[in-house]
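A short reminder: the numbers here are calculations on the coordinates, not readings from a lab. Bear in mind the structure is a predicted one, so any value in this text is a computation, not a measurement. Note that each Cβ is placed from the backbone with ideal geometry, even for glycine, and that neighbours are counted across all protein chains shown.
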Amino acid sequence: MQELTSSKWKRSGSSIVWHPELLADLISTIEPVSVRTLIGWLKSGFPESPPGPADTRTVLVGGLQTVVETMMQTQPPDAVVEWLRANILAVVRTWKTHWPNVGLVFVMDGPGTLFDFNEGDELVYFGRGRDRAKKVKLSLAIWNGAASGAGAYQLVSEKPGGRDVGGYYVGWMS
């Protein structure tokens with residue numbers, strides 16, 4: 001997966017981001033919408049323009065990690081993936097027809113150790129422990145496999161003494 005250090009992810013496509021440095025300027029200026037609100041838009045229609053000031057280029061969505069972690073307590077990973085595909089993947093696909101020049105950013109709580117990119121199958125897994133069978137195939141659920149190859153990026157936070165992966169970004173899917 002390629003690395004992205006620019007801010008392109010804030011203005012287009014969709015991303016999951018947990019690194020505080022990547023989110024700092026967004027969280028201080030943009031009020032996030034909830035996953036419930038986002039799914040409501042999917043069912044009843046998106047507003048004419050994105051929430052916030054007229055020049056908004058980013059919509060933050062809060063609560064996705066909480067939903068996934070809560071579901072993982074009682075549901076097998078495949079059931080969580082199916083819920084994500086029915087709701088979040090559907091939103092990601094619909095998003096580009098409504099606001100093509102606005103980035104969709106799912107604000108995650110982290111820590112980064114909960115997100116595991118496996119180079120073998122090019123999937124981002126979410127969950128605790130080492131057993132991938134007990135983790136949610138997050139990138140498959142949200143981006144339907146578009147998170148592999150060209151157009152998929154790891155969001156990198158540059159800092160003195162190193163670089164941290166702080167999220168994942170996918171440009172618009174076809």
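Remarks
- Relative packing of peptides 155-163, 15-23, 64-72 - highest average C-beta neighbours within 10 Å first: 15-23, 64-72, 155-163
- Candidate cross-link partners of Lys96 among the lysines, defined by an alpha-carbon separation under 21 Å and a same-chain spacing of 8 or more, comprise Lys8, Lys10, Lys43.
- Computed from backbone phi, the HN-Hα couplings of segment 45-61 come to x, 6, x, 4, 9, x, x, x, x, 4, 8, 4, 10, 9, 10, 8, 10 Hz, rounded to whole numbers (Karplus: 6.51 cos²θ - 1.76 cosθ + 1.60, θ = phi - 60°; Gly and Pro given as x).
- Legend: translational diffusion of the chain by Stokes-Einstein, Rh = Kirkwood radius over C-alpha pairs, 4 °C, 1.567 mPa s; D = 80 µm²/s.
- In a reduced charge model with +1 at each Lys and Arg Cβ and -1 at each Asp and Glu Cβ, segment 2-170 shows a dipole moment near 280 debye about its Cα centre.
- Relative contact order of the chain, taken over Cα pairs closer than 8 Å and 6 or more residues apart, is 35 percent.
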